[in-house]
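Quick note: the coordinates plus some simple rules give every number you see, no bench work behind them. Note that the coordinates shown come from a computational prediction; the quantities given were computed from them, not determined experimentally. Cβ placement follows ideal geometry from the backbone for every residue including glycine, while neighbour counts extend to all protein chains displayed.
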Amino acid sequence: MGGNAAPNVADADHRDQKRIIVNPEPQEPSLKLYPGPAWSARSSKPLQPLLWFGVAVTMLTPLALFCDYDIAVWFWEDRLPGDFRKVIFISEFFSHGLGVAMIIAGIAILVPEKRWCLPRLAALSFGSGAIVTILKMFILRRRPNDFDFATAREDSIYQWALDAYLQNVAIFDDSTLRSFPSGHAATGVGLCIGMMLLFPRGRIYFVCLATLSCSERLLCQAHFLSDVLAGVAVATLWSYVCLHPRMLGVLFGHMEPEGRGFKVPNVDDLRGRPYKQAA
């Protein structure tokens with residue numbers, strides 16, 4: 001009797017294991033196109049610097065109003081060297097809608113393994129520009145190129161109007177009244193954040209392009225400094241929403257294969273250590 005007890009227990013365990021294999025528990029349906037851990041299970045702590053940067057730029061925007069006149073006059077006086085001006089003007093492609101579309105198309109052709117990351121990249125860039133366009137519908141402000149700074153007084157640039165009921169939406173095509181915020185700055189910074197996460201080795205290069213494209217808006221007298229900072233703030237906060245694992249990040253995470261999607265950096269990444277082995 002005692003000698004048969006152990007085999008019976010082993011047989012029972014074996015039958016339980018077979019039962020588990022044959023009749024697995026039903027799993028919840030998933031929208032993931034590729035196997036791997038759920039995007040929603042990832043931590044949002046690596047995104048905190050992005051959030052705090054967006055909050056900081058938002059707080060700097062009203063302070064920049066005190067510098068708008070002096071900076072606009074400095075660019076109006078055309079003090080930059082000619083070659084440097086050309087470089088700044090050329091950099092507009094990084095923040096222009098057509099230029100962004102060409103960059104995304106180039107990635108799809110030259111780096112096909114990143115093609116499933118392009119929806120998020122498009123959302124980061126074009127989404128930022130779309131949000132700014134909506135804000136422009138409610139806020140009326142004259143552009144710097146609509147002023148003659150030889151005679152304009154400093155207080156003249158602070159003429160704002162809030163069109164809460166969209167009574168002036170019929171003249172939305174009049175771009176001289178749609179200065180705040182900067183759509184180019186928002187589009188360029190959104191693209192910069194996406195490119196930094198897709199191609200970490202070029203993060204400094206992308207930051208330089210975004211900075212030049214924002215400077216181009218000041219140089220061509222299309223925006224004041226506060227307009228540009230507001231666009232940067234919108235793009236940064238929108239990028240946080242698109243990358244957060246419990247916001248829109250979970251939607252885009254379903255499309256991106258594990259290991260080939262957006263690489264949200266941790267603290268060590270921000271110090272530049274893992275980028276030595278990054279693709």
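Annotations for the structure displayed:
- Contact order relative to length of the stretch 125-245, as percent, for alpha carbon pairs under 8 angstrom and 6 or more apart: 36
- Ranking Trp160, Ile204, Trp76 by Cα position along the charge dipole of the stretch 50-260, where only Lys, Arg, Asp and Glu carry charges on their C-beta atoms, puts Ile204 farthest toward the positive end.
- Formal net charge of residues neighbouring Gln221 (Cβ-Cβ distance under 15 Å; K, R +1; D, E -1): -2
- The stretch 67-216: C-alpha gyration tensor shape, a/c 1.5 cut-off, then a/b vs b/c: oblate
- With the simple spin-label model, which puts each label point 7 Å out from Cα in the Cβ direction, the Met102 to Tyr165 separation comes to 4.5 nm.
- When you count the other C-beta atoms within 10 angstrom of each residue and take the mean per peptide, 132-145, 231-244, 187-200, 79-92 line up highest first as 187-200, 231-244, 132-145, 79-92.
- Rounded to the nearest 20, the Cβ-based charge dipole of the stretch 69-206 about its Cα centre (Lys and Arg +1, Asp and Glu -1) stands at 680 debye.
- Value of Rg/Rh across the stretch 122-164 [Cα atoms, Kirkwood radius]: 1.15
- Cβ-Cβ FRET estimate between Leu65 and Thr176, R0 fixed at 25 Å, reported to 0.05: 0.85
- Exposure proxy ranking for Asp78, Asp146, Asp68, based on other Cβ atoms within 10 angstrom of each Cβ and starting from the fewest, stands as Asp78, Asp146, Asp68.
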